[in-house]
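What follows draws every value from the coordinates through simple rules; no lab data is involved. Just so you know, these numbers come straight off a predicted model, no measurement behind them. Cβ: placed from backbone, ideal geometry, glycine included. Neighbour counts: every protein chain shown.
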Amino acid sequence: MANTTFNGPVRSVNGFQDISISATTGAVTVDATFGATTSVTNLTTTNLVFTDQNHPTTAAINATATATAAQVATGYITSTSAATTTITLPTGTLLGTALGATRGTVMDLYVDNTAGASVVTIAVATNGILSSAAADTPGSFGDLTIAAGATGLACFRIMFSSATAYVFSRTA
């Protein structure tokens, strides 16, 4: 069958299926079903990136503290502090356990200081290290301070090198 390209939404009442057909037997295998409940059965993780931009829960840290693994796991931390605040990330072991991390687990952490009146600084803890990009270019990938006010948003990437150790870098 030929490829079909659509311009506009593709709709189905009963969902969609991605299938593969065996070249030798002709057997049809359903690899993924997309519908009200989405399932994937034959999935390889090579070159897959999962990004969750929806943060139904957030964590507020308004004074210097070590963030809990649960707070970081929300993916979105807010700060409204009038004083300079340092947020230390949890250890690699605690964060890895909370996320069920393995080597290759990646998560984005957003820090929102738009309602704050002073800078927020992020610090890494035991088994958390700055990426080589962060170490080589501290003014961008290694910029661990978030301004207060309208420009006070930052995105950091946490990449696990094992279940208990992560590499940390700023992405925006």
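Worth pointing out:
- Packing order of peptides 102-111, 158-167, highest average first: 158-167, 102-111 (average count of other Cβ atoms within 10 Å over each peptide's residues).
- Less than 5 angstrom separates the built amide H of THR105 from those of PHE160, all sequence-distant by 5 or more or on a different chain.
- Residue among ASN127, ASN113, ASN14 with the largest mean-square fluctuation in a Gaussian network model of the chain, springs linking Cα atoms under 10 Å: ASN14
- Relative contact order of the chain, defined on C-alpha pairs under 8 angstrom at six or more residues apart (%): 17
- Simple Cβ-charge dipole of the chain, Lys/Arg +1 and Asp/Glu -1, about Cα centre, in debye nearest 20: 60
- Amide H contacts under 5 Å for GLY116, placed H, 5+ residues apart: GLY149
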